[in-house]
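Peer 1: Take a look at the following structure, please.
The values are calculated or read from the model by the stated rules, or taken from the named source; none is laboratory data. On a predicted model such as this, the values are computed, not experimentally measured, just so you know. Please note: Cβ atoms are built from the backbone with ideal geometry, for glycine as well, and neighbour counts cover all protein chains shown. Only protein heavy atoms, including side chains, enter the accessible area calculation; ligands, DNA and RNA are left aside. Shrake-Rupley method; radii C 1.70, N 1.55, O 1.52, S 1.80 Å.
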Amino acid sequence: MTTDNKRPLTLRDVSEATGVSEMTVSRVLRNRGDVSEKTRTKVLTAAKELGYVPNKIAGALASKRVNLVAVIIPSLSNMVFPEVLTGVNKVLENTELQPVVGVTDYQPEKEEKVLYEMLSWRPSGVIIAGLEHTEAARAMLNASGIPVVEIMDTDGKPVDAMVGISHRRAGSEMAKAIIKAGYRHIGFMGTKMPLDHRARKRFEGFTEALAKEGVEIEDRAFYSGGSALAKGREMTAEMLERSPDLDFLYYSNDMIGAGGLLYLLEQGIDVPGQIGLAGFNGVELLQGLPRKLATMDACRQEIGRKAAEIIAAQLEDPDAEIERHVTLTPTIAYGDTLKRR
């Protein structure tokens, strides 16, 4: 059988190829109704050979939903979010649901646009990074009528459900570990805070915990753009030129922290004796460094799994009792760059 390759295949094409009715083809492809195994095999084989893909949008006109879960994240270049997606996918691959990803680049207006477009396809659920959204985006989430899980952060009030860590607590716990190790002259390097709300909350928790011990950050630097080793090297060199008496450097993520570590080792500086270092995220890619960077795991895959489980459970039984506020507890990995006392 030949078809015009500019025309999408229809149920009729499969029907004509198999010699069975369109209704029977539909039943087989939807796995509904009583159909003989011989006919089922015949239809499925023909559909596969033809390359037929069901029109889920047409089928959704009755149910008003498609088996898609909108997953909206700030970045794909940041290694944090691919791991979150892995966790989401591990759960959804055992269901009829499929994740579809939208990227916002940390821009609230872009998030609003991505959310609008994705909701227009009538997905079965939304997983979206962060708790901070524009008023229009929050209104769309509230009015969607589907399960919504906000991920990565639990320092705030969700629209529906949330899964993540307390970033304020994460910053506070790292500050306590640094103080306990005996460091007192601390510099901070991180992203520009207005758009990275989670980094801002960690910074707030960090500075508040230091203040309780009578310690203030003595130097700080902020950057925009992607996290990279080169950026960490550059910022570390500039900070130590300005503030040579610093004995600890806290980075908002592991990538710039790794850059800082490489710079210090090249300069022959004793780490962690003369200067201690710590990052955030627990990026496995950096395990091959000459020294293990102190860091804190952000529970990325677990966040993805828990969020997907909430979506799947709500869709299976809307009346089921489900834990809607899930706060995970990250732990500090001291590595080789943070003294333990």
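Peer 1: Open to solvent by less than 20 Å² (accessible area, probe 1.4 Å) and either touching a helix residue (DSSP H, G or I) at 6+ places or on another chain (Cβ under 6 Å) or without any contact (Cβ under 8 Å) to a residue 40 or more places away in the chain (or both): is that true of Ala313 in this structure?
Peer 2: no
Peer 1: Now for a separate question. Determine whether Gln301 is touching an Asp or Glu at 6+ places or on another chain (Cβ under 8 Å), open to solvent by 20 Å² or more (accessible area, probe 1.4 Å) and part of a loop (DSSP other than H, G, I, E, B).
Peer 2: no
Peer 1: Further, regarding this structure: Take Ala313 and tell me if it is of a type in the set (A, V, I, L, M) and either assigned to a loop (DSSP other than H, G, I, E, B) or in contact with a Pro (Cβ under 6 Å, 6 or more places away or on another chain) (or both).
Peer 2: no
Table: residues versus (1) more than 30 Å from Met235 (Cβ to Cβ); (2) at pLDDT below 95; (3) open to solvent by less than 40 Å² (accessible area, probe 1.4 Å); (4) touching a helix residue (DSSP H, G or I) at 6+ places or on another chain (Cβ under 7 Å).
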position	(1), (2), (3), (4)
Thr95	yes, yes, no, yes
Gln107	no, yes, no, no
Lys110	no, no, no, no
Ser144	yes, yes, yes, yes
Val149	yes, no, yes, yes
Pro158	yes, no, yes, no
Ser172	no, no, yes, yes
Lys176	no, no, no, yes
Ala199	no, yes, yes, no
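Peer 1: Oh, and also: (1) free of Cβ contacts under 8 Å to residues at least 60 places away in the same chain; (2) at negative phi: which one isn't true of Ala181, the others all being true?
Peer 2: (1)
Peer 1: Against the conditions (1) open to solvent by 20 Å² or more (accessible area, probe 1.4 Å); (2) under 17 Å from Arg200 (Cβ atoms); (3) modelled with pLDDT of 95 or more, where does Glu241 fall short? Just the number, please.
Peer 2: Exception for Glu241: condition (2).
Peer 1: Now for a different question. Taking Val163 as the residue in question, decide whether it is within 16 Å of the chain's Cα centre (by Cα) and without any contact (Cβ under 8 Å) to a residue 24 or more places away in the chain.
Peer 2: So Val163 fails the test.
Peer 1: Identify all residues within the range 227-260 that are touching a residue at least 12 places away in the same chain (Cβ under 8 Å) and part of a loop (DSSP other than H, G, I, E, B); write none if there are none.
Peer 2: Answer for the range 227-260, where residues must be touching a residue at least 12 places away in the same chain (Cβ under 8 Å) and part of a loop (DSSP other than H, G, I, E, B): Ser227, Ala228, Ser243, Asp245, Leu246, Asp247, Ser252, Asn253.
Peer 1: With respect to Tyr263, determine if the residue is open to solvent by 10 Å² or more (accessible area, probe 1.4 Å), closer than 21 Å to Gly288 by Cα and outside any loop (DSSP other than H, G, I, E, B).
Peer 2: Criteria met by Tyr263.
Peer 1: Condition test on Ala307, is it assigned to a helix (DSSP H, G or I), within 21 Å of the chain's Cα centre (by Cα) and among the aliphatic types (A, V, I, L, M)?
Peer 2: Answer is yes for this residue.
Peer 1: Quick check on my filter: what residues within the range 274-298 are surrounded by fewer than 23 Cβ atoms within 10 Å (Cβ to Cβ), in a loop (DSSP other than H, G, I, E, B) and under 21 Å from the mean Cα position of the chain (by Cα)?
Peer 2: The one that is surrounded by fewer than 23 Cβ atoms within 10 Å (Cβ to Cβ), in a loop (DSSP other than H, G, I, E, B) and under 21 Å from the mean Cα position of the chain (by Cα): Gly282.
Peer 1: Pick out the one residue from Gly335, Gly268 that is more than 25 Å from Glu241 (Cβ to Cβ), out of contact with any Gly (no Cβ under 8 Å at 6 or more places or on another chain) and without any contact (Cβ under 8 Å) to a residue 60 or more places away in the chain.
Peer 2: Only one candidate qualifies: Gly335.
Peer 1: Go through Asp254, Asp247, Asp219 for me and flag whichever is more than 16 Å from Asn78 (Cβ to Cβ) and touching a helix residue (DSSP H, G or I) at 6+ places or on another chain (Cβ under 6 Å).
Peer 2: Testing whether each residue is more than 16 Å from Asn78 (Cβ to Cβ) and touching a helix residue (DSSP H, G or I) at 6+ places or on another chain (Cβ under 6 Å) leaves just Asp219.
Peer 1: Here is a further query. Output the residues belonging to the range 69-93 that are open to solvent by less than 60 Å² (accessible area, probe 1.4 Å) and hydroxyl-bearing (Ser, Thr, Tyr).
Peer 2: Residues satisfying the conditions are Ser75, Thr86.
Peer 1: When you scan the range 137-145, do you find a residue that is polar (S, T, N, Q), under 21 Å from Ala298 (Cβ atoms) and touching a residue at least 24 places away in the same chain (Cβ under 8 Å), even just one?
Peer 2: Looking for residues that are polar (S, T, N, Q), under 21 Å from Ala298 (Cβ atoms) and touching a residue at least 24 places away in the same chain (Cβ under 8 Å), one finds none in the range 137-145, hence no.
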